[in-house]
Amino acid sequence: RHAAPPAPAALQPLEQAAWQLSAAGRRQSGRALRYWNRVLREAPSRQFRKQRADESAPYIKLLFESEAARLAVLAVSERTKQSSGHILLAAYAVAVAHLSGTAGVALRVVVDNRFRPGLSDSVSTVSQMGLWSIDTSASTFDTVLARALTASLDTYMNAYYDPEDRQSLLDSIQRERGEQLILDCCYNDRRRSAQDLKPAADSA
């Protein structure tokens, strides 16, 4: 007879759901929504003011390739000792600010459930959208990068919330502001690793 395989020690999805419904889980959601409350009150109502001519299309796909941008990210990473991911996010925020004409940038970013302590070994792959926001008006890119690092930590720590409560909060703030908040500007770094920025080694 074969022995039954040992039960996985990592947190299971149903266990995670049970914790989220517990008093501790509700407190965590409350803390996250207090962060969302602050950021939503300061966020621009719509990041891009101009609407597309054809609103029936779900989105417009653009592809931008730049060898200069790749080299710049590597150079800034080497100089600042910061990850390429944070540098790309800060650069994206600056680009969005230039396009929208608004120094304040609010983005939705994908945050997985492995960031919080106790969830890093979870067997599930649950993710939610976090809310990331910075002021890009600065004399140097290094200042923007420093703000991006702080904002990223706040975003990741507060991306664990009850989605229904978050929607209720959004509805309430929209009523108070008397306008709809269009949070349609998203950022998702889908590179497998920082090695994706580096050129492939020449084959022998």
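Remark: the Leu74-Leu62 segment gains 2.0 nm on full extension, using 0.36 nm per residue and subtracting the alpha carbon distance. Using the Cβ-Cβ distance between Ala17 and Asp121 with R0 set to 22 Å, the FRET efficiency works out to roughly 0.85. 3J(HN,Hα) along the range 87-103: 5, 5, 5, 5, 5, 4, 4, 5, 5, 4, 4, 5, 6, 8, x, 10, 5 Hz, from the Karplus curve 6.51 cos²θ - 1.76 cosθ + 1.60 with θ = phi - 60°, whole Hz, x for Gly and Pro.
Per-residue counts of other Cβ atoms within 10 Å, averaged by peptide: what ranking do you get for 87-94, 20-27, 144-151, highest first? Present the calculation step by step, with values, prior to reporting the outcome.
Numbers: 87-94: 21.5, 20-27: 11.8, 144-151: 19.4.
Order by mean packing, descending: 87-94, 144-151, 20-27.
The calculated FRET efficiency for Arg175 paired with Arg27, based on their beta-carbon distance and R0 = 35 Å, is about 0.85. Per-residue packing, averaged as other Cβ atoms within 10 Å, sorts the ranges 174-181, 130-137, 78-85, 38-45 into the order 130-137, 38-45, 78-85, 174-181, beginning with the highest.
Since every read-out is calculated from the coordinates, none of them should be taken as a lab result. Every value quoted in this text rests on a predicted model; they were computed, and no experiment measured them. So basically every Cβ, Gly included, is an ideal-geometry build from the backbone, and we count neighbours across all protein chains shown.
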